[in-house]
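Structure first, commentary second.
The values are calculated or read from the model by the stated rules, or taken from the named source; none is laboratory data. Everything numeric in this text was worked out from a predicted model, so none of it was measured. Cβ: placed from backbone, ideal geometry, glycine included. Neighbour counts: every protein chain shown. Ligands, DNA and RNA are excluded from the accessible area calculation, which covers all protein heavy atoms including side chains. Shrake-Rupley method; radii C 1.70, N 1.55, O 1.52, S 1.80 Å.
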Amino acid sequence: MLRRRVFCLLCTCLMLAPVAAQSGELRIVTLDLPPYWYHDENKPAGICGEIGNAVAEECGLVARNIPMRLHRGLEEMRMGRADMIILLASPEAESVGYNLGQLFHEESVVIGLVKSGIQSPGDLVGKRVASIRGARYTATVSAESGVILSPATSYLQSLNLLLEGRVDAVLGPRLGLEHTIKMHDLPRMAFSRPLLACLAPVTVYVSRHVSVALVERVRAAIQRLVDNGTVERIRNKYLL
């Protein structure tokens with residue numbers, strides 16, 4: 001009877017062990033938000049896509065990229081079905097993973113139409129602002145500050161909603177919005193100059209379900225990639 005109980009306990013422990021540690025994989029959430037994530041010939045690309053793969057390689061693990069929307073990716077992290085995500089720091093991200101440090105900073109901006117008259121975040125009170133569903137950039141442009149947030153699935157959808165008059169402004173990372181305007185030939189002269197909302201850190205989060213050993217392994221890999229200039233070289237490839 002005792003042997004049977006020990007055997008059952010051992011089996012249970014093996015079942016609960018972190019999947020990445022067993023399989024040699026690092027399960028990375030990847031989003032369809034160029035230039036941070038996209039797929040080039042079915043391979044993950046973009047700033048965060050390349051950095052994620054570099055982290056896995058530096059850890060001696062195989063990157064398994066899991067493409068999905070941001071809100072779904074956060075839920076996968078919460079449930080332990082994904083190991084890592086790279087994104088702008090937010091309370092939502094902090095609640096689902098360990099913050100392993102900043103890679104670089106991005107300007108989060110508000111863009112309206114050229115005649116919108118938006119001069120400060122205060123001008124957005126009562127206005128409809130498109131933003132990626134699940135993203136939270138700053139408390140000054142949020143539901144708490146009186147802004148009506150309209151969830152979008154991409155930067156392109158956000159900007160098209162603005163051009164169609166269905167929202168009053170768009171909130172998002174400046175590089176992502178400017179990249180979308182350029183890549184899709186949107187009428188740049190129709191948009192206002194970007195209004196800085198905040199300077200947000202792009203951060204690596206690891207699921208709270210992974211082992212302490214893997215957390216430290218990833219943390220050390222990130223530090224090496226920052227110190228040896230790999231992170232900066234990858235980001236510079238995508239700057240406009």
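Only one of (1) within 22 Å of Val141 (Cα to Cα); (2) surrounded by fewer than 20 Cβ atoms within 10 Å (Cβ to Cβ); (3) among the small types (Gly, Ala, Ser) is not met by Ser108, so which one is it? Unmet condition: (2). Do we have any residue at all in the stretch 57-68 that's assigned to a helix (DSSP H, G or I) and out of contact with any helix residue (DSSP H, G or I) (no Cβ under 6 Å at 6 or more places or on another chain)? Yes, because at least one residue in the stretch 57-68 is assigned to a helix (DSSP H, G or I) and out of contact with any helix residue (DSSP H, G or I) (no Cβ under 6 Å at 6 or more places or on another chain).
Quick one: how many residues across the stretch 21-78 are surrounded by 22 or more Cβ atoms within 10 Å (Cβ to Cβ), over 19 Å from Leu175 (Cβ atoms) and small (Gly, Ala, Ser)? The total comes to 2.
Given the criteria part of a strand (DSSP E or B), of a type in the set (Gly, Ala, Ser), in contact with a strand residue (DSSP E or B) (Cβ under 9 Å, 6 or more places away or on another chain) and closer than 16 Å to Leu70 by Cβ, does Ser158 qualify? Spelling it out, it is not the case that Ser158 is part of a strand (DSSP E or B), of a type in the set (Gly, Ala, Ser), in contact with a strand residue (DSSP E or B) (Cβ under 9 Å, 6 or more places away or on another chain) and closer than 16 Å to Leu70 by Cβ. Taking the criterion of being among the acidic types (Asp, Glu) and buried (at least 20 other Cβ atoms within 10 Å of the Cβ), would at least one residue in the stretch 183-206 satisfy it? Scanning the stretch 183-206, I find no residue that is among the acidic types (Asp, Glu) and buried (at least 20 other Cβ atoms within 10 Å of the Cβ), so the answer is no. Restricting attention to the stretch 139-171 and to residues that are polar (S, T, N, Q) and open to solvent by 10 Å² or more (accessible area, probe 1.4 Å), the residue that is farthest from Val202 (Cα to Cα) turns out to be Asn160.
Of the candidates Arg136, Arg174, Arg217, the single residue that is surrounded by 14 or more Cβ atoms within 10 Å (Cβ to Cβ), touching a strand residue (DSSP E or B) at 6+ places or on another chain (Cβ under 6 Å) and under 23 Å from Gly49 (Cα atoms) is Arg174.
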